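Each remark here refers to the structure printed beneath this line.
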Amino acid sequence: MRESPISSPHWHNRTSVSAMMREVILALVPAILCSAWLFGWGIIIHCLLAIVFALSLEFIVLKIRQRDPQPFLKDGSVIVTAVIFALTITPLTSWWVSLLGIAFAVIVVKHLFGGIGYNIFNPAMAAYVFVLLSFPVEMNAWPLPASLSAHTLTEAVEIIFAGDARLIDSYSGATALSELKTGLISMSMVSEIVSSTAFGQFAGRGTEWVSLCYLAGGLYLLLRGVITWHIPVAVLSGVFISSSLGAVYDSDMYASPVFHLFGGATMLCAFFVATDPVSASTTARGRLVYGALIGVLLYIIRVWGGYPDGAAFAVLLANAFVPLIDMKTRPRVFGERA
């Protein structure tokens, strides 16, 4: 009896890009629903807009590159990029900001570098930084929590698609991170600043609960084996140690570690952004260095930089160091002498 030869590898754990992306999207669902409940329909609208824009642009670019779009559209990677980008921009921004951000992520950051697996920067964070630097006014209209001011689906549609400035001014306000930075610049103490309505129990009002949802989703990804513990633990450790040193040095000038862990995009960054398998470090030791670098840079930019939240800038800076980190942390080849 003749047997057909089967080439190696002979063992497959049935892991695929599409399966990993489905798990990531599933892990993001609690944070999306919590954000929509607290900050209105704009979250859902921008997630749907970003997905439609991303799939459409991915199809067009792949056709221009004379590639079959079907496998790339089915793998879900561009959907994850779209959702993460939509969660970082303000829910009250205009639809065209989302379109331009997704276009930058898909066309420039992803396909100009060769497509999936070849981009050196995280597409969602690069797109966020692009729209933040290009349209700072549009990106500053963050909605107040529902307990302070709520807007209906109709009003959210009017704000996003018609740019109703009257409604934007009625429903937007300062975030806890921006209010902290503004207050410290005006020589107020942390204890005085945190008494404002933008602050909740231990971080920003509303955003602290969204961060807990990101934490829960990240733990789910760890349990499912989609990500490893190295990068999340290193990012959170970098933020915790840096902010602890600041709080010990002067608690009137530097906020507590808990605030920095659950304020802004720290949890989203640690579990869903920094762990991007393409732009992150590939070695075990390298992931620890890479994650710690992001955590420290995030804190430095928040405290001394020009922007309230430094997560996106920290990730992009760390992405640039990944080739060096991988080179210095590469494990020794078996049999190689030191």
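The values are calculated or read from the model by the stated rules, or taken from the named source; none is laboratory data. Given the structure is predicted, the values throughout are model-derived calculations rather than measurements. Cβ placement follows ideal geometry from the backbone for every residue including glycine, while neighbour counts extend to all protein chains displayed. Note: accessible area is taken over every heavy atom of the protein model, side chains too, but ligands, DNA and RNA are not part of it. Shrake-Rupley method; radii C 1.70, N 1.55, O 1.52, S 1.80 Å.
Just to check your reading of the model, which residue among A216, A234, A270, A255 is touching a residue at least 12 places away in the same chain (Cβ under 8 Å), outside any helix (DSSP H, G or I) and small (G, A, S)?
Just a single option satisfies the conditions, and that option is A255.
Look at S237 and say whether it is polar (S, T, N, Q) and either open to solvent by less than 70 Å² (accessible area, probe 1.4 Å) or closer than 26 Å to V78 by Cα (or both).
yes
Among the residues of region 325-333, is there at least one that is surrounded by fewer than 23 Cβ atoms within 10 Å (Cβ to Cβ) and modelled with pLDDT of 95 or more?
No: zero hits.
Taking region 206-227, which residues are modelled with pLDDT under 95, more than 16 Å from C269 (Cβ to Cβ) and in contact with a Leu (Cβ under 8 Å, 6 or more places away or on another chain)?
G206, W209
Being part of a helix (DSSP H, G or I) and either open to solvent by 60 Å² or more (accessible area, probe 1.4 Å) or on the phi > 0 side of the Ramachandran plot (or both) is the filter here, so list the residues in region 31-55 that pass it.
Residues satisfying the conditions are L33, W37, L48, V52.
Of the residues G218, G204, which single one is open to solvent by less than 50 Å² (accessible area, probe 1.4 Å) and either under 19 Å from Y290 (Cα atoms) or under 16 Å from the mean Cα position of the chain (by Cα) (or both)?
Just one listed residue meets the conditions, G218.
Between A50, A31, which is touching a Cys at 6+ places or on another chain (Cβ under 6 Å) and not β-branched (V, I, T)?
A31
L180 is checked against (1) of a type outside the set (V, I, T); (2) without any contact (Cβ under 8 Å) to a residue 60 or more places away in the chain; (3) surrounded by 20 or more Cβ atoms within 10 Å (Cβ to Cβ) and fails just one. What number does that condition carry?
Unmet condition: (2).
In region 246-285, how many are more than 13 Å from the chain's Cα centre (by Cα) and at pLDDT 95 or above?
0
Inside region 103-153, can you point out the residues that are assigned to a loop (DSSP other than H, G, I, E, B), open to solvent by 50 Å² or more (accessible area, probe 1.4 Å) and modelled with pLDDT under 80?
Across region 103-153, the qualifying residues are W142, S147, L148, A150, T152.
Condition first: open to solvent by 60 Å² or more (accessible area, probe 1.4 Å) and not basic (K, R). Can you find one or more residues in region 88-99 that meet it?
Yes, region 88-99 has at least one match.
I want to confirm something. Restricting to region 258-267 and keeping residues that are in contact with a Ser or Thr (Cβ under 8 Å, 6 or more places away or on another chain) and not in a loop (DSSP other than H, G, I, E, B), which single residue is nearest to A314 (Cα to Cα)?
T266
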